Amino acid sequence: MSSAIAYTELGGPEVLTLIDIDVPAPGPGEVAVRVEAVGVNPLDLKLRAGLRPSPPITEPRRVGSDAAGVVIAVGEGTEGFRPGDAVIVSGARGAYATDLVVPADALVRRPGNVSAAQGAALGIPVGTAYQTVRSLAVGPEDTVLVHAASGSVGQAVVQFARLYGATVLGTTSDRRADRVSALGATPLPYGPGVVDRVRDLAPGGITVAIDLVGTDEALDQSIALVADKSRIATLVRGADAAGLGIRAFSGGSPQPLTDQEIAWRKEAIPVAAALIAAGAFSVEIGPEIPLEDAAEAHRLVEKGADGKVVLLP
Ligand SMILES: NC(=O)c1ccc[n+]([C@@H]2O[C@H](COP(=O)([O-])OP(=O)(O)OC[C@H]3O[C@@H](n4cnc5c(N)ncnc54)[C@H](OP(=O)(O)O)[C@@H]3O)[C@@H](O)[C@H]2O)c1
């Protein structure tokens, strides 16, 4: 029997329960995947808690969008995949599951040396990071400040910005400074005094700031440091961006992503998979938790885990 995590009311992690599911045979253009790992994203927690808009719940609501696994069947006329292929799934509806049936365009082939956990860790964080770096046209002339550089999105932003030739500074707890440094950014502690610390570390100035934490502090510091507000973006305080004159990409923004931004988020997955396979990009895997303990996984993300929390069906 196949199973999945779902909830029937908004609330804390305790609303997550394991349910039995029927998995249909894949139809035309679809692929059935046996899931080997699932990425847990902060968005999953926000939706569960009702912190992001969602329609009324009329049936058990499935959770999650990012996973990786192996193809077990393909629908009639579906091209590009066959049983046995290792794949990365992004943008799925209800990825916290043992089995998924998804449109073929939700899949990317997973190179042999990319683990299921690494594949499951890509979707939202890496897609968001790559799109943000592309949208802000980060390049060799830039010095970029990343708030929350030690998180899943932050680590990916740091690496893409470095790959595009930028100098990068990233705020982090002291505990996580080595990780930020290993990815090629200059770490500095978040909190009061960031503006002075950044001016000492980057006397030439900051040209781009990317907020991945959403505190007033991070937004104020970004505005104090970057002259051109069109090169400040928040991924968390989207609802406040227009009032501050800065950019937002989702994160509660009333402005939907453009077609180009959506395309970049999709393009990021094969780009990152190829980079990982070549040893040129790193994804930090955190605690690996059994699927049935999804509530525990959400508690860990809420508390702040080191690396991507992954569920194992
Ligand atoms: N707009 C979008 O499309 C989009 C997409 C993906 C994610 N997001 C949002 O982006 C945020 C980050 O996501 P994530 O997946 O990277 O989360 P994550 O992996 O849980 O990382 C969160 C990070 O925040 C850092 N942090 C905690 N308090 C901080 C503070 N006061 N100042 C600076 N950094 C602080 C932590 O650093 P330490 O551990 O070093 O303390 C941690 O590394 C979430 O709010 C998420 O919902 C938005």
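A short reminder: the numbers here are calculations on the coordinates, not readings from a lab. What you are looking at is a predicted structure, and each value in this text was computed from that prediction instead of being measured. Methodologically, a virtual Cβ is constructed for each residue, glycine included, from the backbone with ideal geometry; neighbour enumeration extends over all protein chains shown.
Some notes on this structure:
- At R0 = 35 Å, FRET efficiency that the Cβ-Cβ distance of ASP228 and ASP174 yields, to 0.05: 0.70
- In nm, spacing of pseudo-spin labels at ALA278 and LEU51 (7 Å Cα→C-beta vector): 3.6 nm
- In this Cβ point-charge picture (+1 for Lys and Arg, -1 for Asp and Glu), the stretch 1-121 has a dipole of about 340 debye about its Cα centre.
- What the phi angles of the stretch 137-143 give under the Karplus curve with 6.51, -1.76 and 1.60, with θ = phi - 60°, is a coupling list of 6, 5, x, x, 7, 8, 10 Hz, glycine and proline written as x.
- Computed extension gain for LEU257 through GLU141, at 0.36 nm per residue and net of the alpha carbon distance, reaches 39.2 nm.
- A dipole drawn for the chain from +1 and -1 charges on Cβ atoms has a positive end, and of VAL213, LEU18, LEU107 the residue lying farthest that way is VAL213.
- Distance from the Cα centroid of the stretch 48-80 to that of the stretch 179-215 is 36 Å (rounded to whole angstrom).
- At an R0 of 51 angstrom, the distance between the Cβ atoms of LYS303 and ASP22 translates into a FRET efficiency of 0.90.
- Residues with amide H under 5 Å from that of GLY286, placed H, sequence gap 5 or more: LYS308, VAL309, VAL310
- A simple spin-label model places the labels of LEU201 and MET1 5.2 nm from each other, with each point 7 Å out along Cα-to-Cβ.
- Taking Cα centre as origin and charging only the Cβ of basic (Lys, Arg, +1) and acidic (Asp, Glu, -1) residues, the dipole magnitude of the chain rounds to 520 debye.
- Distant-in-sequence amide contacts of ASP142, defined by a placed amide H-H separation under 5 Å and a gap of 5 or more residues or a different chain, comprise THR167.
- The stretch 100-183 shape via C-alpha gyration tensor axes, a/c threshold 1.5: prolate
- Choice from ALA273, ALA227, ALA182 showing the highest fluctuation, given a GNM over the chain with Cα pairs closer than 10 Å: ALA182
- Aspartates and glutamates whose Cα lies under 18 Å from that of LYS308, excluding same-chain neighbours fewer than 8 positions away: GLU36, ASP44, ASP66, ASP178, GLU284, GLU288, GLU292, ASP293, GLU296
- When the P(r) is computed for the stretch 1-153, the part past 23 Å accounts for 44% of the Cα-Cα pairs.
- Inter-probe distance in nm under a simple model that places probes 7 Å from Cα toward Cβ, at GLU296 and GLU267: 4.1 nm
- The chain - Debye-derived log10 I(q)/I(0), Cα point model, q = 0.10, 0.11, 0.15 Å⁻¹: -0.55, -0.67, -1.19
- By the Cα gyration tensor, the stretch 125-248 has an equivalent ellipsoid whose semi-axes, rounded to whole angstrom, run 18, 16, 14 from largest to smallest.
- Cα-based helix-to-principal-axis angle, 152-163 vs the chain, degrees rounded to 10: 60 degrees
- Per DSSP, loop trypsin sites (Lys or Arg not before Pro) in the stretch 20-114 with at most 15 further Cβ within 10 Å: ARG93
- For the listed peptides 9-18, 132-141, a ranking on the average number of other beta carbons within 10 Å per residue, highest first, reads 132-141, 9-18.
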